[in-house]
């Protein structure tokens with residue numbers, strides 16, 4: 001049986017995605033698994049340092065995984081990130 005998350009643990013995940021850039025990044029990575037930081041920057045059209053910081057925070061929150069491939073870093077969703085993307089997709093479609 002899996003343990004129930006504490007309020008503090010849930011807060012960490014929720015704060016991790018509480019920014020419009022982070023939400024965009026999660027949805028983009030869900031659509032393009034393995035996208036690099038440069039790819040995210042081009043798709044979103046924001047400052048590289050800003051996007052780099054947001055991807056770092058998503059990793060700290062446990063929503064995004066980074067995989068180093070020579071000079072590039074590929075991004076993928078963690079299991080929690082996939083859960084949050086499903087929530088975001090449902091929430092986006094509700095009126």
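The values are calculated or read from the model by the stated rules, or taken from the named source; none is laboratory data. For clarity, every value in this text was computed on a predicted model and none was experimentally measured. Cβ atoms come from the backbone with ideal geometry, glycine included; neighbour counts cover every protein chain shown.
A few remarks follow.
- Residue in segment 69-77 that is surrounded by 10 or more Cβ atoms within 10 Å (Cβ to Cβ), touching a strand residue (DSSP E or B) at 6+ places or on another chain (Cβ under 8 Å), assigned to a loop (DSSP other than H, G, I, E, B) and touching a residue at least 12 places away in the same chain (Cβ under 8 Å) present: no
- Sole exception among (1) in contact (Cβ under 8 Å) with a residue 12 or more places away in the chain; (2) on the phi < 0 side of the Ramachandran plot for residue 32, by number: (1)
- Taking segment 25-46 as the range and being farther than 19 Å from residue 67 by Cα and either crowded, with 18+ Cβ neighbours inside 10 Å or touching a strand residue (DSSP E or B) at 6+ places or on another chain (Cβ under 8 Å) (or both) as the test, only 43 passes.
- If you go through segment 47-66 and keep only what is touching a residue at least 40 places away in the same chain (Cβ under 8 Å), surrounded by fewer than 17 Cβ atoms within 10 Å (Cβ to Cβ) and part of a helix (DSSP H, G or I), you end up with just 60.
- Residue match in segment 3-18 (condition: on the phi > 0 side of the Ramachandran plot and either at pLDDT below 95 or not in a helix (DSSP H, G or I) (or both)): no
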